[in-house]
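The values are calculated or read from the model by the stated rules, or taken from the named source; none is laboratory data. Everything quoted here is computed from the prediction, not taken from an experiment. Ideal geometry is used to build each Cβ from the backbone, glycine not excepted, and the neighbour counts take in all protein chains shown. Just the protein is used for accessible areas: all its heavy atoms, side chains included, with ligands, DNA and RNA removed. Shrake-Rupley method; radii C 1.70, N 1.55, O 1.52, S 1.80 Å.
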Amino acid sequence: MSTFKAPRGTYDLIPPVSAVYLAVREAISAPLKRAGYGYVETPGFEQVELFSRGVGESTDIVTKEMYTLTQRSEGSERLALRPEGTASVLRAALEANLHKAGNLPVKLWYSGSYYRYERPQKGRYRHFSQVGAEAIGAEDPALDAELIILAVDAYKSLGLKNFRLLLNSLGDKECRPAYRAALQDFLRGLDLDEDTRRRVEINPLRVLDDKRADVQKQLVGAPMLRDHLCEACKEYHEQVRELLTAAGVAFEDDEKLVRGLDYYTRTTFEFVHDGLGSQSAVGGGGRYDGLSEMIGGPALPSVGWALGVDRTVLALEAEGIELELPAPTQVFAVPLGEEARRVLFGLVTELRRAGVATDFAFGGKGLKNAMKSANRSGARYALVAGERDLAEGVVQLKDLASGEQKAVAFDTVVSEVLSAHG
């Protein structure tokens, strides 16, 4: 008999590992909530054009990695599983007219799964999890710095130390065209394959991001964007750098950092972790002042980032960090007999309603097997009751760590557990 398996390049999150992923998501989102970012959730699929316009026709994401869907009866509309979050979140904000409420920037955070058809390897999956943040509708270096600082604080709250922040400016519509032309002139003289030559004509900056050694070797002496930045972009970038330095955030200037999406302008950044091998990026983002207009909206300068939950978990493993997670069960109830099942089940409900994580020996297990289940659950205490206990109006509260046990009256069980648990 055959059994189904998760599709290639995907994974299932199951306990106890899933608790680590939840803790990482909570740690990344906590600084955002404190900074006024509200939660947004978008569909798992969108119109293909949303990504081809925003992310870029020449990007690997659009040309090679996007999962497209066939609709049965809704005309010619083409849909794709979302390969990234920014375009979807901006589309949702525009559709809901959040930018017209008069309180800019609109600050949003999100968490979810994304999909790209890639060669599966450690740290790179076809289905992956991200937490992201977008600040829509304001051009302010303090906003760029805020988002970077929030990401740094999130990583530090998890105990991570060996991550690095790479920083660059991609200029804007005033200064980038001249640089683009100079870069194209340089790249056209190199020995490049047909796909890369095509990219030179569509988005030459992406060639700088090519990881192949034979390409990188030829890029020595390529014109650098920093030499072509206009005064406004230089000033903007310097303010971002000064704000980060004042906040105690270390960064490395990386003049070749362009990232894989076409919509970035000015500030662009990436977090890398040296313990992850070739897939060293754990998150990144930047400013995307023209994306709203690309997808049919008004001019809304914006900035954002996405941090990989999977990559962050790998970074924690690389540093040997084990997160302190609360025990999923604090009290485990073990009834001996039918009447005890009824009484203890009622006490379990009371404890849960009082905020105590409590489980129950389901399935009519005997004392020996039930106590094994109690120990496996990670609970600190067991509640045990048999016929004699019920006749006396008590249950036995057993400390599973020390083995100490005492009789507790029915009506004081909740208060006893709460005081014992501290």
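Checking each residue of segment 354-363 against the condition of being charged (D, E, K, R) and either under 13 Å from residue 414 (Cβ atoms) or surrounded by 15 or more Cβ atoms within 10 Å (Cβ to Cβ) (or both) gives at least one match. Evaluate segment 331-346: report whether one residue or more is under 34 Å from the mean Cα position of the chain (by Cα) and under 21 Å from residue 394 (Cβ atoms). Within segment 331-346, one or more residues are under 34 Å from the mean Cα position of the chain (by Cα) and under 21 Å from residue 394 (Cβ atoms).
For the subset of segment 288-297 comprising residues that are in a loop (DSSP other than H, G, I, E, B) and of a type outside the set (Gly, Ala, Ser), which member is least open to solvent (accessible area, probe 1.4 Å)?
Initially, segment 288-297 is screened for residues in a loop (DSSP other than H, G, I, E, B), giving 288-290, 295-297.
Those left that are additionally of a type outside the set (Gly, Ala, Ser): 288-289, 295.
Values: 288: 3, 289: 31, 295: 34 Å².
Per the criteria, the residue is 288.
Pairs are defined by a Cβ separation below 6 Å, a sequence spacing of at least 6 or placement on different chains, a first member in segment 85-98 that is touching a residue at least 40 places away in the same chain (Cβ under 8 Å), and a second member that is of a type in the set (Asp, Glu) and outside any loop (DSSP other than H, G, I, E, B); the pairs so defined are 88/46; 89/134.
Taking the criterion of being of a type outside the set (A, V, I, L, M), without any contact (Cβ under 8 Å) to a residue 12 or more places away in the chain, open to solvent by 20 Å² or more (accessible area, probe 1.4 Å) and not in a strand (DSSP E or B), would at least one residue in segment 147-158 satisfy it?
Yes - at least one qualifying residue is present in segment 147-158.
Checked against (1) in contact (Cβ under 8 Å) with a residue 40 or more places away in the chain; (2) part of a loop (DSSP other than H, G, I, E, B); (3) open to solvent by 30 Å² or more (accessible area, probe 1.4 Å); (4) of a type outside the set (Val, Ile, Thr), residue 189 meets all criteria but (1). Assessment of segment 327-338 against the conditions (without any contact (Cβ under 8 Å) to a residue 24 or more places away in the chain, open to solvent by 10 Å² or more (accessible area, probe 1.4 Å), in contact with a Ser or Thr (Cβ under 8 Å, 6 or more places away or on another chain) and farther than 30 Å from residue 31 by Cβ) yields no matching residue. Filtering segment 204-217 for residues that are touching a residue at least 60 places away in the same chain (Cβ under 8 Å), open to solvent by less than 60 Å² (accessible area, probe 1.4 Å) and touching a strand residue (DSSP E or B) at 6+ places or on another chain (Cβ under 7 Å) leaves an empty set. Within segment 115-135, if we keep just the residues that are modelled with pLDDT under 95, more than 16 Å from residue 13 (Cβ to Cβ) and of a type outside the set (Lys, Arg), the residue that is most open to solvent (accessible area, probe 1.4 Å) turns out to be 117.
Sort out which residues of segment 218-227 are exposed (fewer than 12 other Cβ atoms within 10 Å of the Cβ) and assigned to a helix (DSSP H, G or I), and write them in order of number.
Of the residues in segment 218-227, the ones exposed (fewer than 12 other Cβ atoms within 10 Å of the Cβ) are 220-221, 227.
Answer for segment 218-227, where residues must be exposed (fewer than 12 other Cβ atoms within 10 Å of the Cβ) and assigned to a helix (DSSP H, G or I): just 227.
Take the conditions (1) more than 30 Å from residue 246 (Cβ to Cβ); (2) open to solvent by less than 40 Å² (accessible area, probe 1.4 Å); (3) part of a helix (DSSP H, G or I); (4) not hydrophobic (A, V, I, L, M, F, W, C); residue 112 misses just one of them, which is (3).
Within segment 385-399, does at least one residue satisfy the condition of being closer than 11 Å to residue 331 by Cα and either open to solvent by 70 Å² or more (accessible area, probe 1.4 Å) or touching a residue at least 24 places away in the same chain (Cβ under 8 Å) (or both)? Step through it out loud before you land on a result.
Going residue by residue through segment 385-399, those that are closer than 11 Å to residue 331 by Cα are 397-399.
Add one more test, that the residue is either open to solvent by 70 Å² or more (accessible area, probe 1.4 Å) or touching a residue at least 24 places away in the same chain (Cβ under 8 Å) (or both), and what stays is none.
Among the residues of segment 385-399, not one is closer than 11 Å to residue 331 by Cα and either open to solvent by 70 Å² or more (accessible area, probe 1.4 Å) or touching a residue at least 24 places away in the same chain (Cβ under 8 Å) (or both), which makes the answer no.
No other residue among 242, 238, 293 is closer than 21 Å to residue 49 by Cα and without any contact (Cβ under 8 Å) to a residue 60 or more places away in the chain apart from 293. In summary, residue 261 fulfils each of the numbered conditions (1) under 19 Å from the mean Cα position of the chain (by Cα); (2) assigned to a loop (DSSP other than H, G, I, E, B); (3) modelled with pLDDT of 85 or more with the single exception of condition (3).
Sort out which residues of segment 74-109 are part of a loop (DSSP other than H, G, I, E, B), under 18 Å from residue 37 (Cα atoms) and modelled with pLDDT of 90 or more, and write them in order of number. Of everything in segment 74-109, those that are part of a loop (DSSP other than H, G, I, E, B), under 18 Å from residue 37 (Cα atoms) and modelled with pLDDT of 90 or more turn out to be 85, 96, 97, 104, 105. For segment 228-255, the candidate set comprises residues that are open to solvent by 60 Å² or more (accessible area, probe 1.4 Å) and touching a helix residue (DSSP H, G or I) at 6+ places or on another chain (Cβ under 6 Å); within that set, the residue that is nearest to residue 160 (Cα to Cα) is 243. The requirement of being more than 23 Å from the chain's Cα centre (by Cα), among the hydrophobic types (A, V, I, L, M, F, W, C), outside any strand (DSSP E or B) and closer than 28 Å to residue 294 by Cα is fulfilled somewhere in segment 240-248, by at least one residue.
Only residues that are at positive phi and either surrounded by 14 or more Cβ atoms within 10 Å (Cβ to Cβ) or among the hydrophobic types (A, V, I, L, M, F, W, C) (or both): list them for segment 2-51, please.
As a first pass, look at segment 2-51 and keep what is at positive phi: 9, 36.
Correct list: 9 only.
Total residues in segment 363-422 satisfying the condition of being in a strand (DSSP E or B) and more than 24 Å from residue 324 (Cβ to Cβ): the figure is 13. Exactly one residue among 300, 316, 351, 344 is in contact (Cβ under 8 Å) with a residue 40 or more places away in the chain, open to solvent by less than 40 Å² (accessible area, probe 1.4 Å) and in contact with a Pro (Cβ under 7 Å, 6 or more places away or on another chain), and that residue is 344.
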